[in-house]
Amino acid sequence: MKIDLIITCYKPEKTFFEVVETMSRQSVPVNKIIVLNVEQKYFDRVVYSGKFMDNHKNVEVHHVSRREFDNGRLRNAAVKYSDADYFLMMTQDSIPVGTELVSDLLKPFLNDESVAVSYARQVHRANMPEAEKYAKKYYYPEDSFTTSLADFENMGVRAFHSSNACAMYKRNIFDSLGGFTNHAITNEDVLFAANACHEGYKIAYSSEAVIIYSTVMENKDYMKKYFDLAVSCLKHPEVFDYSVQKNENRKLFKIVLNHLKRDGFKHELLSFYIREYYKRKGFSKGKKYKKMTHKEIEHYTYNKSYWDIDEMMRDRAGVNSKEGYGRSEKEREMLTTPPVKAKNKTEN
């Protein structure tokens, strides 16, 4: 049995090296570490300046440009570099806790052959705002569980929750379901999980497998993140209900707010309200993305390259091969109007 690790990377920092070092010391070893890096120049100046590649012979790096980046399509491309029975998706800012992460993520598969995905528990660093740490507990509780389509009635879309910050996939199931959605602004992991559940498979949350999510976000980052989340909801109504997700966001807001007031964190209330304002602004703007110009969208989105690809795909979809591309209305009229039949001189 082989397990490969796939790490998505952009402008790697110290956390990237922490991820690789810890994942290289797992009790259940990973066979190969596949790094999918966006923009080679940022990777080269940090990684190749030392002896990183010399010390990690099982690491292979594949570079793409920022223009090519797409959450679903490029992860699918990275999976093709692996021939392992299982592969583990991680991001450069997801620092594993301990050496049993791979083992803990693998257990659900060994206990139930219908499990398609096993994802890890996420916690924040100790110095993060209490509001963010407490919100993580809502989606990543202390107890493990497994969900299937039968849980959708009670849990809603949370039954399909998963996260490529750290998630292990069973390769034969992944391939049979067609992999990730190729063109996805975000939530490619949840879309896959939803598809898996609809096909009779299960999603496992492995709380014993823990990662420290180390990214520090500014207020405008939250706005962009929630803008993209709203777009994802509207583009995939087969999985998400925008109004339900909006209510879910409000529910979480109230839960965290009550915690801050009740448990001695009132000093965080102002910064919490400000963050919430940016989240709601992003989510509200995302609902109106169809009416926004490309420039306006670029101001709000996290993933500008997605919209360049999206625009190109819409242009291609709008081409009628019978009419040709770029013809004017006058040209199309000429091509579709029957020729005038000339009269003989003897005809009146």
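Points to keep in mind about this one:
- Of the residues H198, H62, the one with the largest accessible area comes first in the ranking H198, H62, computed with a 1.4 Å probe on protein heavy atoms.
- The Cα trace of segment 139-202 gives Rg and Dmax of 11.7, 33 Å, the first to one decimal, the second as a whole number.
- By accessible area with a 1.4 Å probe, ligands and nucleic acids excluded, highest first: order of T301, T181: T181, T301
- Solvent-accessible surface (1.4 angstrom probe) belonging to K32, in square angstrom, nearest 10: 40 Å²
- For the chain, the per residue solvent-accessible surface stands at 54 Å², with DNA, RNA and ligands left out and a 1.4 Å probe.
- According to the Kirkwood relation over distinct C-alpha pairs, the hydrodynamic radius of segment 1-103 is 13.9 Å.
- Rounded to 5, percent antiparallel among DSSP beta bridges of the chain: 35 percent
- Residue order for E13, E68 - accessible surface, 1.4 angstrom probe, largest first: E13, E68
- For segment 209-227 versus segment 26-97, the gap between their alpha-carbon centres in whole angstrom: 21 Å
- Computed from phi, the 3J(HN,Hα) profile of segment 63-78 under the Karplus parametrisation 6.51, -1.76, 1.60 (θ = phi - 60°) reads 9, 9, 7, 4, 5, 7, 5, 8, 3, x, 4, 6, 5, 4, 5, 5 Hz, with x in place of Gly and Pro.
- Viscosity 1.306 mPa s, temperature 10 °C, Stokes-Einstein D of the chain from Kirkwood C-alpha radius, µm²/s: 71 µm²/s
- Per atom type, segment 1-157 shows carbon and sulfur on 47% of its accessible surface, probed at 1.4 Å.
- Listed residue pairs exceeding 21 Å between alpha carbons, taken from K11/K235; K170/K202; K136/K290; K80/K304; K11/K246: K11/K235; K136/K290; K80/K304; K11/K246
- For segment 92-234, the Cα-based Rg and Dmax, in that order, read 15.1, 43 Å.
- Magnitude of the charge dipole, segment 133-231, Cβ model with Lys/Arg +1 and Asp/Glu -1, debye to 20: 220 debye
- Taking Cα atoms only, the orientation of helix 269-287 departs from the longest principal axis of the chain by about 30 degrees.
- More than 17 angstrom apart: percent of Cα pairs within segment 176-215: 46 percent
- 19 Å cut-off, amide nitrogen to a point 7 angstrom out along K51 Cα→Cβ, residues in segment 4-21: 17-18, 20-21
- For trypsin sites (Lys or Arg not before Pro), the sites in segment 106-137 that DSSP calls loop and that have at most 15 other Cβ atoms within 10 Å are R125.
- Area of F240 that stays accessible when all protein chains are in place (1.4 Å probe, Å², to 10): 20 Å²
The values are calculated or read from the model by the stated rules, or taken from the named source; none is laboratory data. All figures in this text were calculated on a predicted structure; none of them were measured in a lab. Here Cβ is always computed from backbone atoms with ideal geometry, including for glycine, and neighbour counts include all displayed protein chains. Side chains included, ligands, DNA and RNA excluded: accessible areas come from the protein's heavy atoms. Shrake-Rupley method; radii C 1.70, N 1.55, O 1.52, S 1.80 Å.
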